[in-house]
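Below: one structure, written as structure tokens.
The values are calculated or read from the model by the stated rules, or taken from the named source; none is laboratory data. Keep in mind that what you see is a predicted model, and the values were worked out from it rather than measured. Cβ placement follows ideal geometry from the backbone for every residue including glycine, while neighbour counts extend to all protein chains displayed. Only protein heavy atoms, including side chains, enter the accessible area calculation; ligands, DNA and RNA are left aside. Shrake-Rupley method; radii C 1.70, N 1.55, O 1.52, S 1.80 Å.
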Amino acid sequence: MSLKNILENWSHYRRAHEDGGHHEYEHMWGMAIDLNKCTGCNACSVACYAENNLPTVGKDRMRKGQGLHWLRMERYWDEPDLGGDEKEYQERGGSFLPMMCQQCNAATCEPVCPVAATYHTPDGLNAQVYNRCIGSRYCSNNCPYRLRYFNFYSYYEESWPEPLNMQLNPDLSVRDKGVMEKCTFCIQRIRTGKDAAQREGREVKDGDVVTACAQTCPTEAIVFGDLLDKDAQVTKLWKAQEVELGKTKQDKSNGELRGYRVLEGLNTDPCVMYMDRVREA
Amino acid sequence: MKRYYVMGLFSNFEEAFSTISEIRQHAIPGVSVDDVTLKSPIEHPEIEEILGDRGSPVPKFSLFGAIFGAIFGFLFLASAQANFLTQPQGGKAIITLPSNIVLSYEMLILFGVLSTVIGFMVNARLMTKRHPLYSEKVSLDQIGVMLELDEKNVDSLKELFKKHKVLEIREEVSL
Amino acid sequence: MQTKDINENIAWAKINEDVLRSMENPRMGYWVALAACVAMILCAVLAEIYQYQVGMGPSDLNWPHMWDLYIATFVFWIGMSHSGTLLSAILHIIQADWRKPIYRFAEAMTLFSLMTAGLFPIIHLGRVWNMYWVLPYVSDRGIWPNFRSPLVWDAFAITTYMTSSALFLFIGMIPDLAICRDNARGWRQKLYTVLSMGWQGDDRQWRHFRRLYLMMACFLIPLAVSVHSIVSADFAMSIMPGWHVTSFPPYFVAGALYSGCAAIITLFILLRYFFRFDEYMTIPIMEKTCKLTFAIAMVWTYLNLVEFAATWYGHDLVAKELLMQKFIGPYAPFFWAMLFLGSVLPFTFAFEKLRRHLPTMFVVSLFLNLGMWLERWMIVTPTLSLSHMPFAWDVMWPSMIQWAIVFGSFGWFGMLFLIFVKVFPAVSMYEVKEMVFHRRHYHNDELESKSHRREGDRQPADADPSPSREGA
């Protein structure tokens, strides 16, 4: 009975993120991105479009801001009045920041969804349920990274004229108008990896699952893996940079440490670590 | 013995009130102020001094409705959340007190209001037929004093009404 | 100078007659107004059909501007709904009887602006056809709405508010519906017989009615405050700079009462003019409403300043930058207009000559409402245009689709209101009678005129030294 359920499990149901939360996490998928290696070539973004059935919306709609780019390459220039010294060759001071959904453990997009269309999976992922979404777009408004994109039109009608529709990835759906979507850490690949491991009767090991962006990156700047797996490369990188889940501020006194998570001061607890670009002074 | 309904219509409200006062002071033996029904186009809070405090259970309906709404609201929300474990969201707990307090508060008011309105309809005997002596002048500007009484008292009551400048007297045999 | 709220010697039959007259035989102007409203609604319906078919794209909403006019106008209409509660519940509890001639249409305004506001969250959904998923119903799949979301709180709060204010309006109208029943013929008589629910003015009915009215008022005041606090939670519960502001709930409530009062003044003047309610909607009542509006305007101004100061000294860099951009950024003209219309213009109410001059007040009240609409827009949009990630900075101007739907919402409100004034009494007859009755007994002419008289005014002539004895 419900009342009995509430009373018996009260303390369990009252555990928030800072007390360890309700989940016993099976995995905690995370990333480490080395900005030293990133050349801003946008291959990851292209791979993402191909892997996740992202529609190409055309110049006009893109300019209007109605495009979908789960993984976007943010470019920032060193402006002369912000300390950059090259007036003529500003691009020499350019820096790149590949931004995909940060899969926050205390995600701000989740609690505001009125219909529970976005929730936290036992894999530590921030899942978006397209079927449940009613398109209130509150989640996108409340994402400090602005990493959620909305289907303003039925893009599928025009994005893949014959025979391009043959190249769609059958492992995941094509979204219709009115739903929100975002980077899933290639959840279809995670599913495949887990299924394969289960068939072989073993645990998922590092390297079983690689996201499309990590696979494509020519400089191997993106490393993907399970943060709960002690031997995973990504865990080692996080440890080396002394970045931990649940911490809201990085100790910057050691100059060797370059790791940070974007906007971690907001206590969203993201699962993507970036390593600062080191430049000549 | 036949019982009669007698209603006098007054234009001057003070005269009507003093009629009731006299009935209260037993001007007519055997007729009590409890038999008096006042029909008025407006509300008279001061009339209770004359008619006696007849009380109203409507606030009790409000209280119980509100308490029910708050408790039901909270339990409903908490049990819904406790049965829907795929929504531990944004690092919040499964049963979140701040949101449930806000929503229980709304339920408190909703059920309080509904229960108050039901209490009013039941107690004021709405949705029943109008009394045969009801006069349309009551909804305009006259005040009616109606009594249910024995046949023998009808004449003395009419006398009393006339003493207070009644405009019109209506009567009807009670069944 | 007219100093009395109402002429207490007015005959009760005349009250009935005047109000009932306003309900019958619509003139040509009425049908023209109704047709105009329906035409406005058609604009919105066409826009909505197009948007429904194609998606949210044509509204020019974009990333990061996921919300714009729809939500701003939603907040605007919700805000306007607070005036009816203010006039009927708060002024009832503090026993300000000047509310009596004007509260009925204010309550109707509450209900109709809620009915308008309720459309916007539906219109703005990407998948309108699934909107019922927000409601907590038992589903076979065991899925519930997310009770943490302020949007679900909105659904609860608006449902509760709409139910309660509709009941409040209806219950308060029962004695008047009985009057209508006694005077009507044909279909109207049938309608009013059902609606008046056998009201016959018994002392029992009045006694319970009084308790009921008090209890409802006690429920509605905290409800109204909570409703707009919850609407403010849509913004305040989020993490975005410019939305994540602690003072938002009182700020929204003040803004709501403000725009509601301004709308009351507008409708007050329109009803007074078209239905010749000069004797009920008198200049002194208008003046009191203006004073109330002025007081609320100053509260709103103060809360604005609090927000600026808190942001400035709070030293959250992003929020501070956003505040600066509100003053000098692309939306600055609207922001300045909002500050001017919201904080400077109400000073017209400080002058007695102006706040007794109906044409001035009509224009001013329209501009105040414009200012309050801009306020809501300036809450929603600048935050979206400038947030934590510089890459997502953008300036967006709404398309004609959005404007058409906002435009149509005024037609919808107007249509509901026009139907209301012809079907239901727009002035509470029984309460005007009560007011008149009590004034005859307790009113002190001399005190009243003294409080309004200043040096240089002519002495008021004693018009009628012998008050009527009717109904007294």
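General remarks:
- On inspection, B:Asn100 fails the criterion of being open to solvent by less than 70 Å² (accessible area, probe 1.4 Å), more than 14 Å from chain A (Cβ to nearest Cβ) and of a type outside the set (A, V, I, L, M, F, W, C).
- Residues that are part of a helix (DSSP H, G or I) and at the interface with chain B (Cβ under 7 Å from one of its Cβ atoms), drawn from the range A:6-20: A:Ile6, A:Tyr13, A:His17
- Scanning the range A:231-257 for residues that are over 20 Å from the mean Cα position of the chain (by Cα) and surrounded by 14 or more Cβ atoms within 10 Å (Cβ to Cβ) turns up A:Ala240, A:Gln250, A:Leu257.
- Looking only at residues in the range C:71-96 that are crowded, with 24+ Cβ neighbours inside 10 Å and over 18 Å from C:Gly255 (Cβ atoms), the one that is nearest to the other protein chains (Cβ to nearest Cβ) is C:Ala89.
- Residue in the range C:139-154 that is away from chain A (no Cβ under 14 Å), surrounded by fewer than 24 Cβ atoms within 10 Å (Cβ to Cβ) and not in a helix (DSSP H, G or I) present: yes
- Residue selected from the range C:370-395 under the condition away from chain A (no Cβ under 14 Å) and open to solvent by 20 Å² or more (accessible area, probe 1.4 Å), by the criterion farthest from C:Leu61 (Cα to Cα): C:Leu370
- Residue satisfying condition, being on the phi > 0 side of the Ramachandran plot and without any contact (Cβ under 8 Å) to a residue 40 or more places away in the chain, within set A:Gly193, A:Gly265, A:Gly207, A:Gly255: A:Gly207
- Residue within the range B:105-120 that is open to solvent by less than 30 Å² (accessible area, probe 1.4 Å), facing chain A (nearest Cβ under 10 Å) and out of contact with any strand residue (DSSP E or B) (no Cβ under 9 Å at 6 or more places or on another chain) present: no
- Flag for C:Ile158 being among the β-branched types (Val, Ile, Thr), surrounded by 19 or more Cβ atoms within 10 Å (Cβ to Cβ) and at the interface with chain B (Cβ under 9 Å from one of its Cβ atoms): no
- For the range B:62-78, a residue qualifies if it is open to solvent by 70 Å² or more (accessible area, probe 1.4 Å) and over 19 Å from C:Pro145 (Cα atoms), and the qualifying residues are B:Leu63, B:Phe64, B:Ile67, B:Phe68, B:Ile71.
- Screening B:Val122 with (1) touching an Asp or Glu at 6+ places or on another chain (Cβ under 7 Å); (2) modelled with pLDDT of 85 or more gives one miss only, at (1).
- Residues that are in a helix (DSSP H, G or I), surrounded by 14 or more Cβ atoms within 10 Å (Cβ to Cβ) and hydrophobic (A, V, I, L, M, F, W, C) within the range C:1-35 comprise C:Trp12, C:Ile15, C:Val19, C:Leu20, C:Met23, C:Ala33, C:Leu34, listed in sequence order.
- Taken over the range B:147-175, the criterion of being among the basic types (Lys, Arg) and assigned to a strand (DSSP E or B) is satisfied by B:Arg170 alone.
- Residue among B:Asn12, B:Asn83 that is farther than 27 Å from C:Ser229 by Cα and not assigned by TED's automatic domain parsing to the domain that holds B:Lys163: B:Asn83
- Odd one out for B:Lys152, checked against (1) over 29 Å from C:Leu220 (Cβ atoms); (2) touching a helix residue (DSSP H, G or I) at 6+ places or on another chain (Cβ under 7 Å); (3) assigned by TED's automatic domain parsing to the domain that holds B:Glu22: (2)
- Number of the exception - B:Pro41 against (1) in the same structural domain as B:Gln25 (by TED's automatic domain parsing); (2) buried (at least 20 other Cβ atoms within 10 Å of the Cβ); (3) in a helix (DSSP H, G or I): (3)
- Within the range A:105-132, the set of residues being open to solvent by 10 Å² or more (accessible area, probe 1.4 Å), hydrophobic (A, V, I, L, M, F, W, C) and more than 8 Å from every other protein chain (Cβ to nearest Cβ) comprises A:Ala127, A:Val129.
- Odd one out for B:Phe61 among (1) without any contact (Cβ under 8 Å) to a residue 40 or more places away in the chain; (2) part of a helix (DSSP H, G or I): (1)
- The condition of being of a type in the set (A, V, I, L, M, F, W, C) and away from chain C (no Cβ under 14 Å) holds for only one of A:Leu168, A:Leu147, that being A:Leu168.
- Single residue of the range A:26-81 satisfying the filter (basic (Lys, Arg) and surrounded by fewer than 21 Cβ atoms within 10 Å (Cβ to Cβ)) that is nearest to the other protein chains (Cβ to nearest Cβ): A:Lys64
- Reported count of residues in the range A:30-53, each being under 15 Å from the mean Cα position of the chain (by Cα) and free of Cβ contacts under 8 Å to residues at least 40 places away in the same chain, is 1.
- Taken across the range B:130-145, residues that are basic (Lys, Arg), part of a loop (DSSP other than H, G, I, E, B) and either modelled with pLDDT under 80 or under 30 Å from C:Arg207 (Cα atoms) (or both) do occur, with at least one present.
- Selection within the range C:211-225 - open to solvent by less than 10 Å² (accessible area, probe 1.4 Å) and closer than 9 Å to B:Thr116 by Cβ: C:Leu212, C:Met216
- Enumeration of residues in the range B:1-38 that are surrounded by fewer than 20 Cβ atoms within 10 Å (Cβ to Cβ), among the hydroxyl-bearing types (Ser, Thr, Tyr), in contact (Cβ under 8 Å) with a residue 60 or more places away in the chain and assigned to a helix (DSSP H, G or I): B:Ser18
- Tally, over the range C:268-300, of residues that are touching a Leu at 6+ places or on another chain (Cβ under 9 Å), open to solvent by 30 Å² or more (accessible area, probe 1.4 Å) and not hydrophobic (A, V, I, L, M, F, W, C): 2
- The one condition in (1) within 26 Å of the chain's Cα centre (by Cα); (2) open to solvent by less than 10 Å² (accessible area, probe 1.4 Å); (3) hydrophobic (A, V, I, L, M, F, W, C) that B:Ala93 fails to fulfil: (1)
- Within the range A:150-165, being away from chain C (no Cβ under 14 Å), hydrophobic (A, V, I, L, M, F, W, C) and assigned to a loop (DSSP other than H, G, I, E, B) holds for one residue alone: A:Trp160.
- Subset tally (residues that are more than 11 Å from chain A (Cβ to nearest Cβ) and either open to solvent by 30 Å² or more (accessible area, probe 1.4 Å) or without any contact (Cβ under 8 Å) to a residue 12 or more places away in the chain (or both)) for the range C:114-135: 2
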